[in-house]
Amino acid sequence: MKYDFKTINRNNTNSLKWDLFSDKFPMWVADMDFKVAPPIFDAILNRINHKVYGYFIISDDLYDAYINWWKFYGLNMSKDELLFSIGVMPAITSIIREFTSFGDEILIQTPVYHVFFNVILNNNRKVIENPLVYDKDTLSYSIDFDDLEEKLSNPNTKMMLLCNPHNPIGKIWSRKDLVKIGQLCWKYNVILVSDEIHCDLTNPGKQYIPFASLDDELTGEEIENSLTCISPSKTFNIAGFQNSMVFTKNKEFYSRLEGRLMTDFFSGPNVLSVDVAIAAYNNCKDWLHELKQVLFENKKIVNDFLINEVPDVKLVQSDATYLLWLDCSSLNMDSNSLSEFLRKEKGVFLSPGIQFGRNGDNFLRMNIACPKELLNKELLAFKEGINLLKN
Ligand SMILES: Cc1ncc(COP(=O)(O)O)c(C=O)c1O
């Protein structure tokens, strides 16, 4: 390995993951216990050394960096189809405020990233769930399209938030699934918001498909019925810099959202964000290549460990993300109690599945983006906690 995915100490750095609570083994919030790639660090130093930290613009270099990155995925974007936002969730907040009204229903596919619930409810809209269907034998999820169609056809449903790849189950939605979703949303006049923040962190041999790249299968109108949220923050572990874009081919959506992001004060970058994102997309491909190997090795470590040492807990099939979804149903304990028990007894903190929806209550979510040495210790603590529970 050329890069350092080993040493790290995040204690006492005001890290949300490490310092908000005092757990010994935090495996919850979605950031990585790895240093950034050297070109990102160099870009930060370069900006810091300038010693002038006023207001900044979104430079053409930043647009180009995003545009070039997504060419690899077969998505052609241009500058006038991209809107900067200080994060994916701020962008989704603005999208909800602009394109739906108080009391409207917004559909999500549960279990799903818990902040989707908050962003809908905090804006006084209603959550409509299209629960994903879990197959216990294959340890995998699929979409119930009959239920999806029924919910989308309700005139109160105005928007769907898609998560691709899906947090927390780690699924990359197939071309077929995406086409059906796109067609149904258009048919029932439901705006599709595709959150693709986890898109780069896929297993070897797997690749995600941007919703908006499906121009062979979908009509122009179906694609123009969507807004796509993208960001380097998960891929390069730079969430703290708050940099994202919304992509849409719909000119009306574009100009309305442009105004809304400004009204919400989400459209201005911070001092480091632009330089950092440019460095990430332009100069860190080989770092990402190694990171993906490390994450995949970690997944294999967890998979083998569970099979051999904690057979009561099953790893749900995962194609992407560093968040693993663990089926704990055979322990017969609700996820809040289970999570609390493991924390209290062994200091290992996994997110309780109930956070991601009612159908997540038999599960825990485990963040495995950390050095192997730490992961092994965490797994040991996890196993000891489960054994304690059973005895
Ligand atoms: C699916 C998804 N969307 C958005 C976010 C947060 O994005 P941001 O920090 O850019 O608001 C996360 C963070 O974990 C996520 O998992």
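The values are calculated or read from the model by the stated rules, or taken from the named source; none is laboratory data. Remember, predicted model here, so these are calculated numbers, not experimental data. Glycine also receives a Cβ, built like all others from the backbone with ideal geometry; neighbour counts cover every protein chain displayed. These accessible areas exclude ligands, DNA and RNA; they are computed on the full protein's heavy atoms, side chains included. Shrake-Rupley method; radii C 1.70, N 1.55, O 1.52, S 1.80 Å.
See the values below:
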quantity: Extreme residue, most open to solvent (accessible area, probe 1.4 Å), among residues of the range 319-363 that are within 16 Å of the ligand (Cβ to nearest atom) and outside any strand (DSSP E or B); calculated: Q355
quantity: Filter result (open to solvent by 50 Å² or more (accessible area, probe 1.4 Å) and in a loop (DSSP other than H, G, I, E, B)) within the range 216-227; calculated: D216, E217, T219
quantity: Inter-residue pairs, beta-carbon under 8 Å, first within 27 Å of N376 (Cα to Cα) and at pLDDT 95 or above and in the range 277-295, second open to solvent by less than 30 Å² (accessible area, probe 1.4 Å) and among the small types (G, A, S), 6+ apart; calculated: W287/A37; L288/A37; L295/A369
quantity: Tally of residues being open to solvent by 60 Å² or more (accessible area, probe 1.4 Å), within 26 Å of E150 (Cα to Cα) and either within 16 Å of the ligand (Cβ to nearest atom) or of a type in the set (D, E, K, R) (or both) across the range 179-215; calculated: 3
quantity: The range 190-201, residues that are in a strand (DSSP E or B) and either without any contact (Cβ under 8 Å) to a residue 24 or more places away in the chain or within 12 Å of the chain's Cα centre (by Cα) (or both); calculated: S194, D195
quantity: Residue ranges of helices (runs of 4 or more DSSP H) in the range 48-152 with at least 3 members farther than 30 Å from L326 by Cα and either in contact (Cβ under 8 Å) with a residue 12 or more places away in the chain or more than 16 Å from the ligand (Cβ to nearest atom) (or both); calculated: 60-71, 88-99
quantity: For V246: the one exception among (1) β-branched (V, I, T); (2) within 13 Å of the ligand (Cβ to nearest atom); (3) outside any strand (DSSP E or B); calculated: (3)
